[in-house]
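Heads up: the structure comes next, in structure tokens.
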Amino acid sequence: MKNRIEFIDISKGAGIILVVVGHCLNTTDFPGRWIYSFHMPFFFFISGSLLSGNTTSAFIYKKFKQLIVPFITLGLIVLTLKLIVIDKEINPVIYLSNMLKYLVTGNQAPFWFLPVLFCSSIAYFLISKIKNISTRFIILLGSVVLSYFFYSPNAGIPYSINSVFMAIFFVGLGYESKNLLVKINNINKSLPLFALSILLFVISISVAYFINPALNMSDNRVTPIIPVYLGAINGILLLTFTSLIIDKHFPNKISSILKFLGRNTLTIMCLHMFFISLSSEYIKYYIDSVMIYKFVEQLFVWSMSLLFVYLINKYIPVLIGKTRNNN
């Protein structure tokens with residue numbers, strides 16, 4: 001989209017909050033299942049809605065900087081910190097072994113997201129060159145079918161590459177919804193927005209509670225397939241319409257915070273699970289109450305994540321494929 005739609009950044013901010021909260025919850029419990037039913041498909045959808053580029057080579061170079069550079073830089077930094085601070089391992093041979101294993105397999109949560117988004121974005125960029133929209137939608141449906149055949153939970157497939165077909169569907173859905181998002185952004189009537197959001201919320205929690213679809217994109221867990229995809233699409237719509245309501249009807253302070261988070265989702269996405277592990281290793285032992293610990297955990301994870309967002313943006317943006325602004 002040439003003109004960035006404000007509520008997209010708000011929705012990304014809300015989405016990354018759900019990601020962090022979801023990773024702090026037990027995924028077998030209802031709140032965790034509900035968040036997992038759509039939080040990662042949403043980010044592929046939004047990435048697809050922002051898909052643009054002139055030449056294939058320029059597009060691949062841009063995506064390499066945006067996704068593969070952080071996969072290497074932040075991935076190795078997190079790996080190093082985990083080995084030293086959590087595993088208390090300083091043997092250089094073990095470190096080199098783990099480093100090579102990460103670079104070869106990408107086996108470190110949540111970094112699977114970056115190569116999968118890289119591959120699916122390039123794939124749909126090429127698919128988008130097909131002029132016939134019916135053909136593109138047939139390809140989208142085909143990716144759904146292929147995602148089912150590549151269902152392989154806990155298989156440990158390198159770079160979670162078996163999740164690419166599911167990712168292609170949501171990236172493609174976002175790309176094909178560009179014009180719809182522009183129209184949604186122009187909706188000014190409050191009552192229909194609130195009513196639709198409430199309906200989508202009820203459907204979303206009902207699907208998660210009663211049908212209990214097992215959706216985990218990191219290992220392509222997609223069964224039962226129809227409820228999984230419908231639940232994810234419903235959750236994407238819920239987050240989209242809720243974000244539009246926040247943009248138009250909530251105080252500017254709230255929307256500004258969400259926009260800030262939305263513009264820094266990549267750094268938060270890459271680092272927050274390390275801080276969750278750090279909290280579990282060094283803080284959990286001292287707090288008996290689960291409820292109090294979960295509050296402290298959120299406070300710690302967000303404080304550290306935002307600190308690193310500031311440091312990386314100001315001093316070393318090259319870590320996330322950006323250039324430093326000296327102004």
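Residues in the stretch 96-131 that are within 15 Å of T73 (Cα to Cα) and aromatic (F, W, Y) were compared, and the one that is surrounded by the fewest Cβ atoms within 10 Å (Cβ to Cβ) is Y102. Taking the stretch 197-211 as the range and being surrounded by 15 or more Cβ atoms within 10 Å (Cβ to Cβ) and of a type in the set (S, T, N, Q) as the test, the residues that pass are S197, S204.
Y151 meets each of the listed conditions (1) in contact with a strand residue (DSSP E or B) (Cβ under 8 Å, 6 or more places away or on another chain); (2) under 23 Å from T55 (Cα atoms); (3) of a type in the set (F, W, Y) apart from (2).
From the list Q108, Q66, the lone residue that is within 23 Å of I320 (Cα to Cα) and part of a loop (DSSP other than H, G, I, E, B) is Q108.
Of the candidates F194, F165, F201, the single residue that is outside any loop (DSSP other than H, G, I, E, B), of a type in the set (A, V, I, L, M, F, W, C) and under 15 Å from P41 (Cα atoms) is F165. Of the residues making up the stretch 204-227, those that are in a helix (DSSP H, G or I) and without any contact (Cβ under 8 Å) to a residue 24 or more places away in the chain number 5. Scanning the stretch 207-238 for residues that are of a type in the set (S, T, Y) and farther than 17 Å from F150 by Cα yields one hit, Y209. Scanning the stretch 166-196 for residues that are of a type in the set (G, A, S) and surrounded by 15 or more Cβ atoms within 10 Å (Cβ to Cβ) yields a total of 4. What are the residues in the stretch 117-161 that are touching an Asp or Glu at 6+ places or on another chain (Cβ under 8 Å), assigned to a helix (DSSP H, G or I) and on the phi < 0 side of the Ramachandran plot, if any? I133, R136, F137, L140, listed by residue number. Among the listed residues N234, N220, identify the single one that is among the polar types (S, T, N, Q), under 20 Å from the mean Cα position of the chain (by Cα) and modelled with pLDDT of 90 or more. Of N234, N220, the one residue that is among the polar types (S, T, N, Q), under 20 Å from the mean Cα position of the chain (by Cα) and modelled with pLDDT of 90 or more is N234.
The values are calculated or read from the model by the stated rules, or taken from the named source; none is laboratory data. No experiment lies behind these values; they were computed from the predicted model shown. Cβ coordinates were reconstructed from backbone atoms using ideal geometry, including for glycine residues, and neighbour counts include every protein chain displayed.
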